[in-house]
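As structure tokens, the structure follows; a few thoughts come after it.
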Amino acid sequence: MTEPDLITVDAIGLACPMPLLKAKRALNGMQVGQRLRVLATDQGSVRDFRVFAEQSGHHLLESTEVEGVYTYLLQKS
């Protein structure tokens, strides 16, 4: 994956639904196949991103949590 294919959204410190809204906005400006990394601290984002991926058809490639920071890797469909 080359750097232009990966976009990062920093939603650390933002409460629900802002991490998901920022991710949706970024995905709208991306091309199919590009990847989006989202950093968030909102615990509710775990469910939000899983459900969003299922409903939108985008691929949730990774979902991790380290020291209270949740990282999601999505690929635009």
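The values are calculated or read from the model by the stated rules, or taken from the named source; none is laboratory data. Just so it is clear, the model here is predicted, and its values are computed rather than measured. Cβ sites come from the backbone with ideal geometry, for glycine too, and all protein chains shown count toward neighbours.
Just checking, how many residues over the stretch 26-45 are out of contact with any Cys (no Cβ under 8 Å at 6 or more places or on another chain), over 13 Å from LEU74 (Cα atoms) and either assigned to a helix (DSSP H, G or I) or hydroxyl-bearing (Ser, Thr, Tyr) (or both)? The total comes to 1.
Conditions (1) free of Cβ contacts under 8 Å to residues at least 24 places away in the same chain; (2) surrounded by 12 or more Cβ atoms within 10 Å (Cβ to Cβ); (3) in contact with a strand residue (DSSP E or B) (Cβ under 9 Å, 6 or more places away or on another chain), marked per residue:
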position: ILE12; (1), (2), (3): no, yes, yes
position: PRO17; (1), (2), (3): no, yes, no
position: ALA26; (1), (2), (3): yes, yes, yes
position: GLU65; (1), (2), (3): yes, yes, yes
position: GLN75; (1), (2), (3): no, yes, yes
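I need the full set of residues from the stretch 1-25 which are in a helix (DSSP H, G or I) and either among the aromatic types (Phe, Trp, Tyr) or modelled with pLDDT under 95 (or both), in order please. Result: GLU3, PRO4, ASP5.
Per this entry, VAL69 is not counted among residues that are in contact with a Pro (Cβ under 9 Å, 6 or more places away or on another chain) and modelled with pLDDT of 95 or more. Scanning the stretch 26-74 for residues that are among the acidic types (Asp, Glu) and on the phi > 0 side of the Ramachandran plot yields a count of 1. Scanning the stretch 62-77 for residues that are among the aliphatic types (A, V, I, L, M) and within 10 Å of the chain's Cα centre (by Cα), which turns out nearest to ASP10 (Cα to Cα)? Checking each candidate, the answer is LEU73.
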